[in-house]
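Each remark here refers to the structure printed beneath this line.
Laboratory data are not the source of any read-out in this text; all were calculated from the coordinates shown. Owing to the predicted nature of the structure, the values given are computational and were not obtained by experimental measurement. All Cβ positions, glycine included, derive from the backbone under ideal geometry; neighbour counts span all protein chains shown.
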Amino acid sequence: MKTATKILLAAVSALVMLALIEAGLRLGYRFYADYNTEMWRYAVELKRLSANGKLGHEHVPGRAASLYGVDIRINSRGIRADREYEIPKAAGIKRILMAGDSLTLGWGVRHEDTCPRILEAMLNEKYPAGFEVINLGVGNYGTENELEAIKNNMELQPDMIILNFYINDIEEIRYPSGPAYWFQKNFYIYPFGYDRLVKLKNRGLDYREYYSSLYKDARLRDRFEKGLKEIADIARCGRIPLIFVNIPELHELENYPFNDINKYIEKTVLSLPDAEYLDLLPFLKKNPKHDLWVSPEDVHLNKKANKLVARAIFNRISENEYFK
Amino acid sequence: MKNIREFIKQNKWWWLTPIIVLSVLLAVLLLLGGDAAKLPFIYAMF
């Protein structure tokens, strides 16, 4: 038998086996919502690469999906919302843009349990003016993406900008392209293999080393500082207050391992004129950490944590009397 | 059909090997993944 025929036989056998594994994964994930695969599904079903290279990626307008047990609906502006926002806004309405990543988006929590919705309800209870807190959160956004998201939504005429910062917002995202992207988007084998290989490769690594290493990179710090300054400039030019909210990493709150990073973040924010800095660590550390997680494998903010964050922001807004 | 059966029987290692290799790889990936709770946010896609 010719060697070429034997090789063809081996190739067909491998393809059949891979097809069976793919089928098994698709069937298995119908019954078990693994966090990493659900995050991949979020990217595949609700996100796309943006034509704006600086924005990087964005929500697909008008899409909806059930992810990690929760429905997420995206409006025509690419915002997680169950409504549209008028332009120009109605008379008397106060708008707040809340920018951030998947924590702001409200990954793992229902729409009404997200920080923007809870904050909106608190403000509408206290003040006579109608408030709309607009959720610009998109999973895996960093400061540079959030800057572009804010720029793209200034036509909503905000009266305040809240920038929710999380420790990995300084990270640089590498975007896929070409045939590799097609494969990554269409096969469950990809997130399964990627997730397992990352875990295998990083068996000795934990979140402390990884996040700390990001802040040792001068290039990443420089990009973060420039992005932050530009956001502050936008707020100042529009004469609208900016609140920078530092959401702590939730693995270990009591003996927080990132105090040095927090000092750097605080110093950077306070070097900007008119920027307000709100550190949420003191508010959240009173709670046992697992009380705040979406699940044992997922350290996103759960319903309780979103409420605590919204309450802290609301208190700061009230104390500073931004709105009367 | 008889010829095909003979062909497959005589060249079994050519089609069994990919199945064995992929099965072992699958088992390694399933069993040796790290503790998800200690890892940072690292996503398969943006």
Under Karplus coefficients 6.51, -1.76 and 1.60, residue-wise ³J(HN,Hα) of the stretch A:210-223 in Hz, glycine/proline x | 5, 5, 4, 5, 4, 7, 8, 8, 5, 5, 5, 5, 5, 5
At 0.36 nm per residue, minus the direct Cα-Cα distance, what do A:E209 and A:A51 gain on full extension? Give it in nm, one decimal, please.
-> 53.5 nm
Nonlocal amide H pairs with A:V294, under 5 Å, H built at 1.01 Å | A:H300, A:N302
Quick numbers on the stretch A:70-124, Rg and Dmax over C-alpha atoms in Å, give 11.7, 34
Distance in nm between pseudo-label sites at A:V12 and A:D217 (7 Å out along the Cβ direction from Cα) | 4.6
What are the aspartates and glutamates whose alpha-carbon lies under 17 Å from the alpha-carbon of A:K201, with same-chain residues fewer than 8 places away excluded?
-> A:E209, B:D35
Once label points are set 7 Å from the Cα along Cα→Cβ at both A:E84 and B:L25, what is their separation, rounded to one decimal in nm?
-> 4.8
Residues of A:6-12, mean number of Cβ from any other protein chain within 10 Å of their own Cβ, rounded to a whole number?
-> 4
Could you give the Stokes-Einstein D for chain B in µm² per second, using the C-alpha Kirkwood radius, 4 °C, 1.567 mPa s?
-> 92
At a Cα cut-off below 28 Å, give the lysines reachable from B:K12, other chains included and same-chain residues fewer than 8 away excluded.
-> A:K2, A:K6, B:K2
Contact order relative to length for chain A, counting C-alpha pairs under 8 Å separated by 6 or more residues, stands in percent at 17
Using alpha-carbon coordinates, inclination of helix A:143-152 to the longest axis of chain A, degrees | 70
Modelled label-to-label distance, A:N186 and A:E172, 7 Å Cα→beta-carbon offset: nm?
-> 3.1
Largest-first principal axis extents, alpha carbons of the stretch A:114-218, Å = 55, 32, 27
The stretch A:1-148 - percent relative contact order, Cα under 8 Å, separation 6 or more = 19
For the stretch A:35-320, with equal point scatterers placed on the C-alpha atoms only and solvent neglected, what are the log10 I(q)/I(0) values from the Debye formula at q = 0.12, 0.14, 0.17 1/Å, to two decimals?
-> -0.76, -1.08, -1.70
When only alpha-carbon atoms count, how far does the stretch A:245-324 stretch along each of its three principal axes, as whole angstroms with the largest first?
-> 39, 31, 18
For the protein assembly as shown, what does -39500 (n - 2.57) per DSSP helix run (n ≥ 4), summed and divided by total residues, give at 222 nm, in deg cm²/dmol to the nearest 500?
-> -15000 deg cm²/dmol
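Could you size up the charge dipole of chain A around its Cα centre, putting +1 on the beta carbon of Lys and Arg and -1 on that of Asp and Glu, and report it in debye to the nearest 20?
With only Lys, Arg, Asp and Glu charged at Cβ, the dipole is about 800 debye.
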Top positive-direction residue, dipole computed over the protein assembly as shown with Cβ charges, set A:G62, A:P116, A:L147 | A:G62
Give the peptides A:160-173, A:292-305 in descending order of average Cβ contacts within 10 Å, highest first.
-> A:160-173, A:292-305
DSSP beta bridges in chain A [antiparallel fraction, %, rounded to 5] = 35
Rank A:D279, A:D34, A:D113 by mean-square fluctuation in a GNM of chain A with C-alpha springs under 10 angstrom and give only the top-ranked residue.
-> A:D34
Rounded to 0.05, the calculated FRET efficiency for the beta carbons of A:K201 and A:E319 at R₀ = 35 Å is 0.15
